[in-house]
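Report on the structure given below.
Bear in mind that the values in this text are calculations on the coordinates, not laboratory data. Not measured: the values here are computed from a predicted model. Cβ placement follows ideal geometry from the backbone for every residue including glycine, while neighbour counts extend to all protein chains displayed.
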Amino acid sequence: MKFKNSLEATRRSFNKDFLLALAADFKKHGAAAIEKVRKTQPAAYMKICALLVPREMQVEHSGSIKAMSDQQIEDAIATIKALMAERDAKTIDVTPQPADGPSAT
């Protein structure tokens with residue numbers, strides 16, 4: 001039992017020391033290391049990004065339109081309209097134009 005407690009204390013001490021050293025190194029070189037990986041190993045960079053995203057997200061319904069005031073509904077509609085207008089402004093029209101030539105009218 002004494003050996004087990006000593007082993008756990010050693011492990012905790014090592015973990016603490018390692019994490020402190022890692023944090024200090026990251027503070028000093030982290031941004032440059034991230035940039036280097038992004039440029040030279042994009043697949044590894046994306047894998048790291050994916051590993052940082054939670055596998056599951058709990059989404060809960062917190063209310064309904066019935067619980068909203070008229071003003072809140074109007075504000076929500078205005079926000080949605082603004083987002084749609086912004087999206088439409090970023091859309092590029094790729095509709096083919098008729099070739100110059102005799103008109104069919």
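Taking interchain pairs and intrachain pairs at least six residues apart, which have beta carbon atoms under 8 angstrom, with the first residue in the stretch 21-45 and among the β-branched types (Val, Ile, Thr) and the second surrounded by 12 or more Cβ atoms within 10 Å (Cβ to Cβ)?
Once the first residue is among the β-branched types (Val, Ile, Thr) and sits in the stretch 21-45, its partners that are surrounded by 12 or more Cβ atoms within 10 Å (Cβ to Cβ) give 34/45; 37/45; 37/48.
Considering only residues that are of a type in the set (Asp, Glu) and assigned to a helix (DSSP H, G or I), look in the stretch 25-79 and name the one that is surrounded by the fewest Cβ atoms within 10 Å (Cβ to Cβ). Steps first, answer last, please.
Residues of the stretch 25-79 that are of a type in the set (Asp, Glu), as a first pass: 25, 35, 56, 60, 70, 74-75.
From what is left, the residues that are assigned to a helix (DSSP H, G or I) are 25, 35, 70, 74-75.
Values: 25: 11, 35: 11, 70: 7, 74: 11, 75: 12.
Only one residue tops the list, namely 70.
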